[in-house]
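Some notes on the structure that comes next.
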Amino acid sequence: MRIPDADEVPVKPHAVHVLTFAGCPHADAARAAALAAISDFGVPVELIEVDLLDPDTPAEYQRYPSPTVLVGSREVAPSE
């Protein structure tokens, strides 16, 4: 049995969600921090922006304040 090369193995991207709304004064900083962290992961990561004011946004996201960054299902707080 042959072991596949690394470039032959499909990698499912991880997801980072940025929860915010248009006009949030801290959205740009949260987005920039998320993008900086993604570049350090070393694996493909998808950045998903969620509009908290969109009526179609799932309820599980609407319980968070803006901005919030979620990695997987865990909230990430900025370093103080």
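The values are calculated or read from the model by the stated rules, or taken from the named source; none is laboratory data. Predicted model, so just to flag it, every value in this text is computed and none were measured. When we count neighbours, we look across all protein chains shown, and the Cβ atoms used for this are built from the backbone with ideal geometry, even at glycine. For the accessible areas, the whole protein counts, side chains as well, though only heavy atoms, and no ligand, DNA or RNA atoms are used. Shrake-Rupley method; radii C 1.70, N 1.55, O 1.52, S 1.80 Å.
Taking (1) modelled with pLDDT of 90 or more; (2) among the hydrophobic types (A, V, I, L, M, F, W, C); (3) part of a helix (DSSP H, G or I) in turn, residue 38 satisfies each apart from (1). Among the criteria (1) assigned to a loop (DSSP other than H, G, I, E, B); (2) at pLDDT 75 or above; (3) open to solvent by 50 Å² or more (accessible area, probe 1.4 Å), the one residue 29 does not fulfil is (1).
Out of all the residues in the range 41-80, which are in a loop (DSSP other than H, G, I, E, B) and within 12 Å of residue 15 (Cβ to Cβ)? Correct list: 43, 44, 72, 73. The single condition among (1) open to solvent by 90 Å² or more (accessible area, probe 1.4 Å); (2) in a helix (DSSP H, G or I); (3) modelled with pLDDT of 90 or more that residue 7 does not satisfy is (3).
On the basis of being of a type in the set (Val, Ile, Thr), outside any loop (DSSP other than H, G, I, E, B) and modelled with pLDDT under 90, does residue 16 make the cut? The answer is yes for residue 16.
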